[in-house]
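Have a look at the structure below, then the notes.
The values are calculated or read from the model by the stated rules, or taken from the named source; none is laboratory data. The shown structure was predicted, so the numbers you read here are calculated from the model rather than taken from an experiment. Quick reminder, even Gly has a Cβ in these numbers, built from the backbone with ideal geometry, and neighbours come from all protein chains shown.
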Amino acid sequence: MINKSDAVASLRPNIEWTMTGENVEGIIWHTQGVTPLTTAEVEAEMVRLEQVAVEADSAKAAARESAVVKLAALGLNDAEVKAIVGGDLEGATK
């Protein structure tokens, strides 16, 4: 799960800051010249980062399924495929 600290770090990479609690607008910026963030900016970034994480999980699952299909097409049986990719083969297309 993405939290406000993740979003702040994403929006202001390589910047030193401190946030007490969940008050984004009370962030203390230890790096000079930083434009403060609004709560709305941080919340929007949290949504974006969650979507990126969902898409990454979906891509990983699709790549695994593709690998299972290709290994099966090479003639490997379920036990051999499972030994290579690990986990459950349920849901993988063959």
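For this structure, a couple of remarks:
- Listing of helices (runs of 4 or more DSSP H) fully contained in the chain that carry 3 or more residues being touching a Lys or Arg at 6+ places or on another chain (Cβ under 8 Å) and touching a residue at least 12 places away in the same chain (Cβ under 8 Å): 39-73
- Flag if Ile15 is of a type in the set (Val, Ile, Thr) and at pLDDT 95 or above: yes
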